[in-house]
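The values are calculated or read from the model by the stated rules, or taken from the named source; none is laboratory data. What you see is a predicted model; the values in this text were computed from it and never measured. Glycine also receives a Cβ, built like all others from the backbone with ideal geometry; neighbour counts cover every protein chain displayed.
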Amino acid sequence: MRLSSAAGRAQKAAFINSEAPLSPTPAPWLAPLLDPALDPAFWPPVRVDVASAWWSHVPFAQALVAAAPPATLVELGTHNGVSYLAFLEAVQRLGLATACVAIDTWQGDAQAGAYDETVHAALKALHGARYGGFSRLLRATFDEAVGQFDDGSIDLLHIDGLHTYAAVRHDFETWRPKLSARGVVLFHDTEVRERDFGVWRLWDELRQRYPSFGFLHGFGLGVLAVGAEAPPAVLALCALGEAEQARVRARFEALGARWQALAEATDQRAAHDRAQGVIAALEHARAAAVLEAERTHDALARVQADNARLDAARASAERRANEAKAELAAVLGSTSWRVTAPIRNAKLALARRPQGAVAAMAARAMPVNVSVPAPAEGETRPRLVVVVHEASRTGAPILALDLVRRLEGRYAVLALLLNDGPLLDDFAATASGMVLVRPGDQVALPRVIERVVQSWRPRFAIANSAVTHPAVPPLVDHGVPVVALVHEFSVNLPPRGVLDDLYRRASEVVFPAELVAAASVADYPVLAQRGYHVLPQGQVTLPAAPADADDARATRAKLEARVPAEAFLVIGLGSVIFRKGVDLFVAAATRVRSIAPDQPIHFLWVGHSSVHAADYRAQIDEQILRAGLADDVTLLDEVRDLEPIYGRAGALFLASRLDPLPNICIDAAVRGLPVVGFAAASGMAELLAADARTADLVVPHLDAAAAGERLVQLARSPERRETVAVAMRELAAERFDAERYVGSLVALGEHGSLVVPGEQVAARRRIREAGVFDAELFSGHPVAAEVEDAVIDLYLAGVDAIRPLDRPGIGNRLRRPMRGFHPLRYAEACPDFEARGKEDPLDHFLRAGRPQGPWLHPVLEPAPQAGAGALRVVLHGHFHYPEFVGELLERLRFNRTAVDLVLTTDTDVKAGILRERLASVGRDGVSSRLMPNRGRDIGPFLALLAEGAFDGYDVVGHVHGKKSAQFDPCFGDRWRRFLWEHLIGGRHRMVDTVVAGFEADAKLGLVFAEEPHLNDWDANRTIAETLAERVGCEAPLPINFDFPMGTMFWARRSALRPLLDLNLGWDDYPHEPVAYDGTILHALERLLPFVADKAGFTYATTHVAGSTR
């Protein structure tokens, strides 16, 4: 199942979007160029910092995934991942539910040579950050891995391993049974006929048997349509005539040549930068050596013996030169070759924005092969949607089916399933309507949801399981409040950041236990700000078991045959998989047998053994055999009726490593059956530990021996079992009430239901007619006038999705609709606005006559006539990454204002690079300083402010070489360029504009970029309140406010004076690596407007049309 975030779907354009309207209608010769079907072939690759023979085939790989979306994609032979990342990037951009696996030993072979561990490590870091939610890197030989795949399961197979004829033929024949009826195979190096390469030979044989197409460039790439039902797009390619084949080859070769050249240029540039760095370090060392020589010159002239001292000085200089070279190599290596750590909020910027008008237009053009039934004629019940990630016989889908059954008494329920399974017929029979979006159709999920909303007009939706997260943004975008039920521990849904959209945009988030909520809060701090609910579900009604499962009579017979009549029966329930801890269940049995050999205790595990976990099942069988437990432990397949099991059991052992609140525990509690489990492993253990009567049933985490000892105690003491049984039944009555659970979900959903559609239409009209809505600022991209109404609707739906508006943590789920206006600050501070009502803040502001208040601030836009004024200006730039200083100097050059520079960095080598760049452009008025690597950029700035480095200046600026390495490699670059465009300039002279603003308004104290996002305190309020008290801010800090996000700004020096009262030193700042949030640095960033206000000044923002993020 696809686990990637649904944020950033603006690039998910339909690849066969032949019906997409183009407005205005383009000239005929432009129409082919504007065809969205071409987009995948032009998408840039993720990395161009490695050499590969595959670069020239990247455009075709991405176009192929778009034209023939596979359900499962496997690559044999990945090396540094150029080909595999091309496939993954297409899967992610298109929002496909493709399961992807790359198989390699990452050790090399006789043809490619041996690899060191850095190849795998670099790919693993980049892969985990961007694609870990739907892809995995399997380190194994091809023969070792083949058993992990079912026959007929692979739609696209890329074979690029050892290229000898025998090896590639073996690979093809071994993996051929795994191909589906739609199977397509790619062979690389089909045109290489040197040495012992033999792919060409096999290719010549296979293309006589199957439809095929061959590219001749890039060492050759063969496309083989193996499946009997191969995708039409691939068959069409294979059926081209010779002339058309030549044109296709030439065009893809031309497209691929671009990336081949870029990769080569990047490699050359990196080599050049390394060489330049070495030269700079050597020059630095030479200067030091000369200085040392000058100091000893007189001694050398007087005494020949002093030659030894000079030799020592030279040796010292050479040693320093070598040290400098090593340090430089480390710095430049981390800059040129680093691959970022896993992201917390992969595409954080995009996660904050609703899908804009362009995305909406693209989604409408997406072909939909999914049927959406209409509600029954005459249906009068209100309607809702329940989203289910799959119809398997596992916990979450079973709970979803029970929810649908119970909700059908009040609502007409549409079950929206994102995958099929054995419960599909049950959902169809229970719900008023059902829509199934199979993995191959999920690229069109937003379009399906649009049809669902149009047809059903649901009051709200319940997204059952975090795995349904791709459905949340399109539901919210269409104005449907979403109650998200998160049953999973966040660690089981990698990579970190994949649930950003769900946690930011769902109206309500519900966890089954505090333990589960705490895990998500640790990975997603926004949850602590926005709030969530903990509601344990009730006992569910189980669906009918499979026809081939044992019935009650057969189950009793097996129990009688395997379990001695006098034995105390310990049961475990669930699939035989690692997470369920069946090995720990057996380990507990081992402990029981060692400490109570004469006590008749039998262990019974009931659950299905999947072929996907066959290795694990084999290990369990071996564990039982080697421990001598064949007579004491029984593994039983799924049964139709669990009542005989529960009726015979003496205790349930919840051996799961992580299991939020499994239904079996609720069933056991209702029956008064003792449950033994591991601390910090489940919500059930959390509940048991809270009651003195059951606390001892919770043993240390994964301590199977301790669990065995508890089970022996229960087996030996009927009195103890009776006490526990009473406690368990009381727990069930108090916590596990299914009707109460459903009622709570309904209350949450109804609370977030939409405003009356007529009111929304009127609000949209008033906002549009006022002419203040900035569609580009809100959406993050240019918007055509004819679709502005759609963008306003997205804004209104976004506000509705985060109600009530008087709570923290909701700002980062909305973007700014109007320059100089903060809608949530208005909702919080305007006395005439009801934050818990249904009105929209912007609409209310307009109808109220645009009242003045803290929700408004001035906006400085480019002033072409602005020039050098009388104010004295200095700009501080901190450069942990010195390579960015050239860009800053170039942007400054466009301005007329005289700006002195104070640059800081943290090593001598970086300082040398800064001086070299400054010298190359002849920049005067610059001083530079070395600072400790503490406090990021704000620590050096405050240190300079405290020591008087800015005395004598009227206006002080602060920028830094932002990189944000914990996110997407491009994230920091986009943010830095956005801020520098607004504060320094590029297309406009923004320094001149800012300084003119200070000259025109003596009360203006702080200027920063107009930020589209509406962040609030996040996890920094407590720290900020302490700092605010120290600088003398007496008024309570508001929930919503504007601040220089990214900590880049211009300020009147006197407006910063209160910061000096903090008396901060280097030890006040956290050590690197600094946390993503919740530090003094993040609090200082947010406190700046309040500091300026304390000093008696106001703030303004800058805005440059066409520059947003």
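Numbers below:
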quantity	calculated
Enumeration of residues in segment 934-976 that are of a type in the set (A, V, I, L, M), at pLDDT below 85 and buried (at least 23 other Cβ atoms within 10 Å of the Cβ)	none
Residues (surrounded by fewer than 22 Cβ atoms within 10 Å (Cβ to Cβ), touching a residue at least 40 places away in the same chain (Cβ under 8 Å) and under 19 Å from His958 (Cβ atoms)) located in segment 900-909	Asp900
Complete set of residues in segment 696-705 that are hydrophobic (A, V, I, L, M, F, W, C), assigned to a helix (DSSP H, G or I) and within 15 Å of Val675 (Cβ to Cβ)	Leu697
Spans of helices (runs of 4 or more DSSP H) in segment 967-1044 with at least 1 residues closer than 30 Å to Tyr131 by Cα and either touching a strand residue (DSSP E or B) at 6+ places or on another chain (Cβ under 8 Å) or outside the structural domain of Arg807 (by TED's automatic domain parsing) (or both)	971-983
Matching strands (runs of 3 or more DSSP E) fully within segment 507-624 where at least 3 residues are charged (D, E, K, R)	none
Residue tally, condition part of a helix (DSSP H, G or I) and within 22 Å of Lys178 (Cβ to Cβ), over segment 76-85	2
Among the residues listed as Gly222, Gly183, Gly198, Gly152, the single one being under 16 Å from Ala71 (Cα atoms) and touching a Ser or Thr at 6+ places or on another chain (Cβ under 8 Å)	Gly152
Scan of segment 898-914 for residues that are more than 21 Å from Phe1049 (Cβ to Cβ), in contact with a His (Cβ under 9 Å, 6 or more places away or on another chain) and of a type outside the set (A, V, I, L, M), ordered by number	Asp906, Asp908, Lys910, Gly912
Residues (surrounded by fewer than 20 Cβ atoms within 10 Å (Cβ to Cβ) and farther than 21 Å from Phe978 by Cα) located in segment 997-1020	Glu999, Ala1000, Asp1001, Ala1002, Lys1003, Ala1019
Failed item, numbered, when Ser212 is tested on (1) over 40 Å from the mean Cα position of the chain (by Cα); (2) buried (at least 18 other Cβ atoms within 10 Å of the Cβ); (3) polar (S, T, N, Q)	(1)
Residue check for Glu861: acidic (Asp, Glu), within 35 Å of the chain's Cα centre (by Cα) and crowded, with 17+ Cβ neighbours inside 10 Å	no
Number of the exception - Thr590 against (1) closer than 14 Å to Gly708 by Cα; (2) β-branched (Val, Ile, Thr); (3) within 41 Å of the chain's Cα centre (by Cα)	(3)
Hey, Ala444 in a strand (DSSP E or B) and closer than 24 Å to Arg130 by Cβ or not	no
Every residue from segment 28-52 that is at pLDDT 75 or above and part of a loop (DSSP other than H, G, I, E, B)	Pro28, Trp29, Leu30, Asp35, Trp43, Pro44, Pro45, Ser52
Any hit, segment 179-188, residues being part of a loop (DSSP other than H, G, I, E, B), of a type in the set (Gly, Ala, Ser) and surrounded by fewer than 22 Cβ atoms within 10 Å (Cβ to Cβ)	no
Subset of segment 428-468 [of a type outside the set (A, V, I, L, M) and in contact with a helix residue (DSSP H, G or I) (Cβ under 6 Å, 6 or more places away or on another chain)]	Thr430, Pro446, Arg447, Phe460, Asn464, Ser465
Of all residues in segment 819-838 being hydrophobic (A, V, I, L, M, F, W, C) and in contact with a helix residue (DSSP H, G or I) (Cβ under 6 Å, 6 or more places away or on another chain), the one that is surrounded by the most Cβ atoms within 10 Å (Cβ to Cβ)	Ala827
Where a residue in segment 516-534 is farther than 18 Å from Ile802 by Cβ and its partner, wherever it lies, is at pLDDT below 85 and among the aliphatic types (A, V, I, L, M), with Cβ under 9 Å and at least six apart	Ala517/Leu527; Ser520/Leu527; Val521/Leu527; Val521/Ala528
Search result, residues across segment 774-800 that are among the small types (Gly, Ala, Ser) and closer than 16 Å to Pro1012 by Cβ	Ala775, Ser779, Gly780, Gly798
Lone unmet requirement of (1) in a helix (DSSP H, G or I); (2) more than 34 Å from the chain's Cα centre (by Cα); (3) under 24 Å from Ala1055 (Cβ atoms) for Ala919	(3)
Whichever residue in segment 553-572 is more than 21 Å from Gln713 (Cα to Cα) and of a type in the set (A, V, I, L, M) and, among such residues, is surrounded by the fewest Cβ atoms within 10 Å (Cβ to Cβ)	Ala561
Selection within segment 857-878 - among the aliphatic types (A, V, I, L, M) and touching a strand residue (DSSP E or B) at 6+ places or on another chain (Cβ under 6 Å)	Val859, Leu860, Leu871, Val873, Val874, Leu875
In segment 664-695, the residues that are surrounded by fewer than 17 Cβ atoms within 10 Å (Cβ to Cβ) and under 33 Å from the mean Cα position of the chain (by Cα)	Ala680
Unique match (being in contact with a Leu (Cβ under 8 Å, 6 or more places away or on another chain), more than 20 Å from His79 (Cβ to Cβ), without any contact (Cβ under 8 Å) to a residue 60 or more places away in the chain and in a helix (DSSP H, G or I)) among Arg176, Arg169	Arg169
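Listed here are the residues, each with its yes/no results for (1) in contact (Cβ under 8 Å) with a residue 24 or more places away in the chain; (2) part of a helix (DSSP H, G or I).
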residue	(1), (2)
Ala1051	yes, no
Leu1059	yes, yes
His1071	yes, no
Ala1075	no, no
Arg1086	yes, yes
Pro1089	yes, yes
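Residue-by-condition table, conditions (1) farther than 28 Å from His751 by Cβ; (2) assigned to a loop (DSSP other than H, G, I, E, B); (3) in contact (Cβ under 8 Å) with a residue 24 or more places away in the chain:
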residue	(1), (2), (3)
Ala797	no, no, yes
Arg807	no, yes, yes
Arg819	yes, yes, yes
Leu824	no, no, yes
Arg836	no, yes, yes
Leu842	no, no, yes
Phe845	no, no, yes
Pro851	yes, yes, no
Ala863	yes, yes, yes
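Yes or no, residue by residue, for (1) surrounded by 15 or more Cβ atoms within 10 Å (Cβ to Cβ); (2) within 30 Å of Thr468 (Cβ to Cβ); (3) among the aromatic types (Phe, Trp, Tyr):
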| position | (1), (2), (3) |
| --- | --- |
| Thr105 | yes, no, no |
| Asp109 | yes, no, no |
| Ala121 | no, no, no |
| Lys124 | yes, yes, no |
| His127 | yes, yes, no |
| Thr141 | no, no, no |
| Val146 | yes, no, no |
| Asp151 | no, yes, no |
| Gly161 | yes, no, no |
